[in-house]
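For reference, the structure discussed in these notes is given below.
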Amino acid sequence: MTDASYPDDLLYHPEHDWARVEDGVATFGITWYAQEALGEVVFFEPPTVGTAVTKDEPYTEVESVKAVSDVIAPLSGEIVEVNSALADKPETINDEPYSEGWLVKVKLSDPDETSSLLDATAYQATLA
Amino acid sequence: MPSTAETALRRTPLYERHAAAGAKIVPFAGWEMPVQYTGIRDEHLAVRRHVGVFDVSHMGEVQTCGPEAPSFLQHVLSNDVRRIPKGGAQYSVLCREDAGILDDLFTYRLADCEFLTVTNAANHERDLAWMQERADGFDVDVVDRAGDFAMLAVQGPAARELVAGLADGPLPPRMHCCEREIAGVAMLVCGTGYTGEDGVELLVDPARATTVWDALMGAGATPCGLGARDTLRLEVCFHLYGNDMDERRNPIEAGLGWCCKEETGFLGAEAVAAARAAGTPEKLAAFVIEGPGIARQGNPIKGGGVVTSGTFSPCLERGIGMGYVPSEGAAPGTQIEIDVRGTVRPAVIERKPLYPTKGP
């Protein structure tokens, strides 16, 4: 497992998700804290492209050996791309949670929702 | 007496060792226990390939001694206690009169009229009360010894060799026990385990437990948590009380008829015999998920039945589990469908164990 990290260029949801917003499309993933709490991810079945996601609602699941966890959408929109490479290598979510371990890309329906998310400093304060 | 109030979580004598090693610690059956150190998969594979050590000090012990100890245990335990030789071990269940399972237990015969029975942590107080209440009329003492032992399970193909290197004499064979010094500490060494691998379980004075733990670590054993203990036991289809059986299930439907010897007349024998003769509507079966997905405890099985244990198998690299299914559909090779949180996952019932180990 990697050491704890929370990149400054991401937005964070208190349910331990991150979003990287570029030109109205956001990449979603889970934070270092989330993957550490979950343990080794052994199964991830990406959701379907075209599915609508709603901020603060679960949109997919990740599974460790021991448990299954809902993943909460940090923002609302429609899934336009999924990380299908994770089906064969779900442990990438542990190894590289902010890069190769991304989960989905979402075309945002309400870009103003980003104002309610946390920056890296504020998110880390919730973990203390 | 059964505890009625919520009490503070208890710590084993090895708690500081677990914390220092960076273990993830969770509440389990009233105890703060390590669920994993580096990761469940690594710990699981360490036990399958080399040797792992589990702190299972949460488990309870009941000592039964006195001239009528053998006949008393024959009365409450399902197996034929007379067949346990001195220095032997035996698996059995504790049943109600209606055959509902109260616990599953290992009993060690320390002397002709002295036995030590290991209980599941969550059931210990109930087991003790059950046994003490039924000891009237027998010349026997039933004594709570749960506070007198820490318990370490050393498991894996290299476990015996590793422990033997720290011992003052030969280790007991499989399903036997003996007094021994390990790392200079006197203890009861038992040739038993819950992983399907060869190995020993060590019952030791709690005040000396860290000495033994440190020696095992120094000799190269991998510390393992309850997470790997669960995946290991499920691969070989060992029952977990509270998941795979409880007082609403009888030993026949749970697949534990092999440890019930009704001719001994144990408590519940008549009900067990009736279930054996008539058959049961459901049976506990082991399954493997055929594609992606992991079934979990409580997932419904289509056509009737429910998953009682489900996990990801690190050795088979797929979802596995056990569950109750209608008896007519419990044969190996039967296709089933499991509703995993709204997604139907095809699975096939397989012979137990799901993962055949080389030993013991």
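The values are calculated or read from the model by the stated rules, or taken from the named source; none is laboratory data. Please read all numbers here as calculations on a predicted model, not as lab measurements. Cβ atoms come from the backbone with ideal geometry, glycine included; neighbour counts cover every protein chain shown.
For segment B:203-218, the count of residues that are of a type in the set (K, R), outside the structural domain of B:F287 (by TED's automatic domain parsing) and surrounded by fewer than 23 Cβ atoms within 10 Å (Cβ to Cβ) is nonzero. Taken together, B:P326, B:P332, B:P346 contain a single residue that is touching an Asp or Glu at 6+ places or on another chain (Cβ under 7 Å), within 24 Å of A:A67 (Cβ to Cβ) and not aliphatic (A, V, I, L, M), which is B:P346.
To keep it simple, each residue is scored yes or no on (1) under 16 Å from the mean Cα position of the chain (by Cα); (2) within 14 Å of chain A (Cβ to nearest Cβ); (3) surrounded by 18 or more Cβ atoms within 10 Å (Cβ to Cβ); (4) among the charged types (D, E, K, R).
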| site | (1), (2), (3), (4) |
| --- | --- |
| B:R10 | no, no, no, yes |
| B:Y37 | no, yes, yes, no |
| B:M59 | yes, no, yes, no |
| B:V81 | no, no, yes, no |
| B:D98 | no, no, no, yes |
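Return a yes/no flag: does segment B:68-80 have any residue that is closer than 30 Å to B:P314 by Cβ and not basic (K, R).
no
Scan segment B:294-330 residue by residue and report those that are more than 10 Å from chain A (Cβ to nearest Cβ), free of Cβ contacts under 8 Å to residues at least 40 places away in the same chain and over 20 Å from the mean Cα position of the chain (by Cα). B:G298, B:P300, B:I301, B:G303, B:G304, B:G305, B:V306, B:E328, B:G329, listed by residue number. Considering segment A:42-57, the residues that are part of a strand (DSSP E or B) and over 21 Å from B:R345 (Cα atoms) include one that is nearest to the chain's Cα centre (by Cα), namely A:V53. Scanning segment A:54-76 for residues that are farther than 20 Å from B:V340 by Cβ and surrounded by 23 or more Cβ atoms within 10 Å (Cβ to Cβ), we see that the one that is nearest to the other protein chains (Cβ to nearest Cβ) is A:A73.
Does B:T119 count as surrounded by 23 or more Cβ atoms within 10 Å (Cβ to Cβ) and not assigned by TED's automatic domain parsing to the domain that holds B:A228? Taking the combined requirement at face value, the residue satisfies it.
The set of residues in segment A:34-53 being in contact with a Gly (Cβ under 8 Å, 6 or more places away or on another chain) and facing another protein chain (nearest Cβ under 9 Å) consists of A:G39, A:E40, A:F43, A:E45.
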